[in-house]
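Enquirer: Encoded as C-alpha cells, here's the structure I'll be asking about.
Laboratory data are not the source of any read-out in this text; all were calculated from the coordinates shown. Just so it is clear, the model here is predicted, and its values are computed rather than measured. Cβ atoms come from the backbone with ideal geometry, glycine included; neighbour counts cover every protein chain shown.
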Amino acid sequence: MSLFGGRTFKDGLYLISKWKFVKGDKIEILSGRDKGKQGIIKSVNRKHNNVLVEGLKLIKKLARSTKQSKGGAYTKEAPIHYSNLAHVDPKYQCATKVHFQLIDGVRERIAKASNSIIPKPKLDLSKKWRKENIDGTLDTAPAIVKQKTFTGVIDSIDPRPTL
C-alpha cells in the first residue's frame with residue numbers, strides 16, 4: 001500500500017521482457033482520446049510498461065504557489081501504456097506491427113505492412129554523461145599529484161613479524 005493512499009505497483013509483475021519501442025521512435029496511438037495521432041517517444045518507463053510521447057495525451061496539473069513561483073495550471077504529457085501504441089511504417093506512414101529478423105548478423109526491426117526496416121534512432125548520449133570539471137576548494141592540483149614524494153626504500157623493510 002502506498003504511504004499517501006495512491007496506486008502502488010508491484011515490481012516485476014507483467015513486465016515486458018523484449019521491448020520493441022525505444023526513445024526517439026515514431027509511433028501512432030491506437031486507442032484513447034488521441035487515437036490516430038503520431039508522435040515521437042520522449043521516454044520509456046520499462047518498470048511500469050509506459051512511455052511518454054511528445055505533445056500527446058496532455059493533461060493539466062495545478063501547481064501550488066511558492067516563494068519562487070506563482071503557481072497555477074500547466075500542461076504535461078501523461079504516460080501511455082505500451083499496448084496502446086504501434087510503430088509508424090517508414091514507407092506508408094501508417095501504424096504497423098513489428099517483428100524481428102536477423103539481417104547480416106544484426107537483429108533488425110521489420111515493419112509487417114511493407115517489410116521495410118525500422119531503424120533505431122541515434123541518441124546523443126554526450127549530454128547525459130557529460131560532467132563539467134569544476135575545481136573545488138578541497139581538490140588537489142594536478143601538478144602536486146604528479147610530484148614524486150616517496151624516497152624510501154621498500155626492500156629494507158622486512159614484512160614478517162618478529163617473534
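Enquirer: Can you give me the distance in nm between label points at residue 46 and residue 113, each placed 7 Å from the Cα along the Cα-to-Cβ direction?
Expert: Result for the modelled spin labels: 2.7 nm.
Enquirer: Could you run the Karplus curve 6.51 cos²θ - 1.76 cosθ + 1.60 with θ = phi - 60° over segment 40-56 and give me ³J(HN,Hα) per residue in whole Hz, x for Gly and Pro?
Expert: Result, rounded to whole Hz: 10, 5, 8, 7, 10, 10, 6, 6, 10, 6, 10, 9, 10, 10, 4, x, 10.
Enquirer: Now a separate question. Could you list which residues have their amide H under 5 Å from that of residue 94, counting only those 5 or more apart in sequence or on another chain, with H placed in the peptide plane?
Expert: When sequence neighbours closer than 5 places are left aside, the close amide H contacts are 89.
Enquirer: Sticking with this structure for a sec: At a Cα cut-off below 16 Å, give the aspartates and glutamates reachable from residue 76, other chains included and same-chain residues fewer than 8 away excluded.
Expert: 34, 54
Enquirer: Calculate the spin-label point distance for residue 61 paired with residue 146, positioning each point 7 Å from the Cα along the beta-carbon direction, and give it in nanometres.
Expert: Going by the 7 Å Cα→Cβ label model, 4.8 nm.
Enquirer: List the residues, sorted by chain then number, that are 5 or more residues from residue 85 or on another chain and whose placed amide H is less than 5 Å from its amide H.
Expert: Here the answer is 30, since their amide H atoms fall under 5 Å of that of residue 85.
Enquirer: Continuing with the same structure: Please list, by residue number, every one of the trypsin sites (Lys or Arg not before Pro) in segment 13-71 that is coil in DSSP and has at most 13 other beta-carbon atoms within 10 Å.
Expert: Working: sites: 18, 20, 23, 26, 33, 35, 37, 42, 46, 47, 57, 60, 61, 64, 67, 70; in loops: 18, 20, 23, 33, 35, 37, 46, 47, 57, 64, 67, 70.
Loop-located and lightly packed - 18, 33, 35, 46, 47, 64, 67, 70.
Enquirer: Residues with amide H under 5 Å of residue 25's amide H, sequence separation 5 or more or different chain, H placed in the peptide plane at 1.01 Å from N; which?
Expert: Those lying under 5 Å, H to H, from residue 25 are 41.
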